[in-house]
Amino acid sequence: MITRNTVSKFFKDESGATAIEYGLIAALVSVAAIAALQAMGGSLEAIFTNVSGTLDSAVTGGAGTGGTTDTTGGTDTTGGTGG
């Protein structure tokens, strides 16, 4: 049988409140982190694309490839890479 005293104890009990508060704080921090990463996503993608392109050109162009050979005795002005 439920007594008035039992109902009063139930409403005064705050033992689970701390866990709920920590859960809410963790949820807010997660939402903030997701929003920040999405905001930085475009610039991070641009940086990694630039680094990838630079590494690709270093690997493929590092042995002195590129440019054209001038067979007329003039100066090569096509801009090949040196190696």
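Quick rundown of the values:
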| item | result |
| --- | --- |
| Subset tally (residues that are open to solvent by less than 70 Å² (accessible area, probe 1.4 Å), under 17 Å from the mean Cα position of the chain (by Cα) and hydrophobic (A, V, I, L, M, F, W, C)) for the stretch 12-43 | 4 |
| Which listed residue, of G66, G53, G61, G80, is modelled with pLDDT of 90 or more and open to solvent by less than 70 Å² (accessible area, probe 1.4 Å) | G53 |
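The values are calculated or read from the model by the stated rules, or taken from the named source; none is laboratory data. In this text the structure is predicted, and so the values were computed from the model without any measurement. The area values use the complete protein model at the heavy-atom level, side chains included, leaving out ligands, DNA and RNA. Shrake-Rupley method; radii C 1.70, N 1.55, O 1.52, S 1.80 Å.
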